[in-house]
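The values are calculated or read from the model by the stated rules, or taken from the named source; none is laboratory data. Given the structure is predicted, the values throughout are model-derived calculations rather than measurements. Virtual Cβ from ideal backbone geometry, glycine too; neighbours counted across all protein chains shown.
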């Protein structure tokens, strides 16, 4: 039975650690994005339908979408764990 190479094990552990941090950042960005959508679009829409056509609502939706795209971009930094 061969022993695993310590350098390979350390590299795999470092990759897993970095990947988990990246996933945590992406999750946080998605949560922020959902919070913005909830606060800027859904809540005012339940009180008055007329408030949904305000230009600031579209601006907040664009901001939330940009943050969501940032979360998706964060996944491009994932490293191979093999």
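State all residues of the range 29-82 that are assigned to a helix (DSSP H, G or I) and in contact (Cβ under 8 Å) with a residue 60 or more places away in the chain; if no residue qualifies, say none. Selection gives nothing.
Residue 56 meets the conditions (1) modelled with pLDDT under 95; (2) touching a helix residue (DSSP H, G or I) at 6+ places or on another chain (Cβ under 8 Å); (3) surrounded by 13 or more Cβ atoms within 10 Å (Cβ to Cβ) in every case but one. The failed one is (3). Just so you know, in the range 1-22 the residues that are over 10 Å from residue 79 (Cα atoms), part of a helix (DSSP H, G or I) and more than 18 Å from the chain's Cα centre (by Cα) include one that is modelled with the lowest pLDDT, and it is 6.
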